[in-house]
């Protein structure tokens, strides 16, 4: 039948010899109906002691009771032997059974061997369509539907949702628009299940405007319709619209169910609204809605990523009480909660408790060690991934590789990260945006411009140049490697620039001595509707410092707290001290240090010390060096620099030329 692009419609099956009919001993039947009784019924079929309809009912019942592959094979043997293979009804029951066991080839074979006269049976077509869509073979599903139409079989309200789902999975806008038009042409514009699937399709494509228009035109809406809209907005990172839909649902008198709440939680978690996610989970509990495993997993992920270790432990108790421990994704989220807060021993204990471990379980443990700075231990676990006691288990995927590559990169071991990246490519594992972003950061730290350009080429070929995090990584890499022009070209091409894009470009201008350009970019960012964050002000103040824009720096420092409600941190004070010190305003710089609400660290004092050397102010220099000696910072090189500075000054009776002490 359906192999490649060809079609073979088999008119009659090949001849089969009549086997000895039997049922396996472990084939369970109700007490009132014994297996021998059925065997006798089947054997006596040839002598017409049992009617065709009775045999049809018998096989229908047996197929409904089927629980193993062996049973399904045995029943199919009896169906063929008794000539009941001509029944489209039995074929439509057998196909989903094979599909459920993952035997798509066998399911197709059942359809292949169905006589031509059965091909007008719509449930038969729906069953093979569903089998292919369920197993992700959507292209084949659409070929089946095309042949169905050629044979003049009209689709129904069960067919179209499957066809729409196949189009959505293939991700083609043109194809999805085409199937929508086809649905309208066939008169299904008001069919509830078809409309629900169309809304889901547009949600997957990111076209929530189209989904919303369909929703508003619906005559009847069920919980599923509302849930599709909420989850669609969640998928597309529009938590405000998801919340608005949730409230509209309540205002129209429909009580949100567990799926609605879970979608709403997911939308806020995806948007990074961690506090709101936790509040919604609390509201959900207060209303007496028992959280599903999916909802618990979402909240645990928020706890893991936002430092809410205590809340995570409380929810762990809820997991135990609710019986969610056996869910892979819940246990994996728990491993992340403990691992990301440095409690790798508890994370490892949870991992070892799992009887069966999937790739995500291993990845959670590897990430726990890598993010705790234990990159060697993470790599040791990674190395065990494919084998346990000599038997193959699971293969490392892109998440596994990215975790260990990121672990080494975060410890400043860039060369090892690059070697792992090379091994990943040799293993034919395709890098994702996380891997590429990490490798770009390594290139930036190592000033490996050539390699960075090679990675950029890979990004373009892999169609990842539209990914915002990859684009930001490219800007950072190019500007740190000395190619401001290439960084600016990448910046210009990014659609939907985020705060990181602007921060990277502002910092790049500052590093290359283009303070005015940095200030202009800062203003353009605000005009675009984005609010600067603490990192933005570090970048722009540093740009002012490197280019001597004292007045502008003073204004920005004041604007930061007064207009944008960002309290200056240690890094901001260090930038201001450096700005004023470089300009020779040592007294003002000293006043800034004295007025700080926190104890100045070695970076702040180091900036002041270096400025004192530049402007040959021995009084400020000696006082500053003394302050550095008093710090217990662990920065031995700073202490050594201060000591060298004072010794050099005393021996030579002046300042040491050419020594950069910060």
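Values in this text are rule-based calculations from the coordinates and carry no lab data. Quick caveat: nothing in here was measured; it's all calculated off a predicted structure. All Cβ positions, even for glycine, are placed from backbone atoms using ideal geometry, and neighbour counts span all protein chains on display.
Got a sec? How would 440, 420, 56 order by Cβ neighbour count within 10 Å, fewest to most?
In increasing order of surrounding Cβ atoms, one gets 56, 420, 440.
Sorted by average packing, counted as other Cβ atoms within 10 angstrom per residue and highest first, what order do 74-81, 205-212, 461-468 take?
Packing order, densest peptide first, comes out as 74-81, 205-212, 461-468.
What whole-number value in cubic angstrom gives the convex hull volume per residue for the C-alpha atoms of region 144-197?
Residue-normalised Cα hull volume stands at 75 Å³.
Using only helices, what value at 222 nm comes out for the chain when you add -39,500 (n - 2.57) per DSSP H run of length 4 or more and divide by the total residues, to the nearest 500 deg cm²/dmol?
It lands at -21500 deg cm²/dmol.
Any idea what the relative contact order of the chain is, in percent, if you count C-alpha pairs under 8 Å spaced at least 6 apart?
Once divided by the residue count of the chain, the mean separation gives 4 percent.
Sort 509, 573 so that the residue with the fewest other Cβ atoms within 10 Å of its own Cβ comes first and the one with the most comes last.
573, 509
Using Cα centres only, tell me the gap between region 203-242 and region 127-143 in whole Å.
The distance from the Cα centre of region 203-242 to that of region 127-143 comes to 25 Å.
For region 566-613, just run the numbers: alpha carbon Rg, then divide by 2.2 N^0.38 Å, N being how many residues it has.
1.00
Mind ranking 442-449, 333-340 by how tightly packed they are, going by the mean number of other C-beta atoms within 10 angstrom, highest first?
333-340, 442-449
How many percent of Cα pairs in region 241-348 exceed 23 Å?
25
Taking every pair of alpha-carbon atoms in the chain, what share in percent sits in each 10 Å bin, from 0 to the bin with the longest distance?
3, 11, 15, 20, 20, 13, 7, 5, 3, 2, 1, 0, 0
Ranking 276, 255 by Cβ neighbours within 10 Å, fewest first, what do you get?
Placing the least packed residue first, the sequence is 255, 276.
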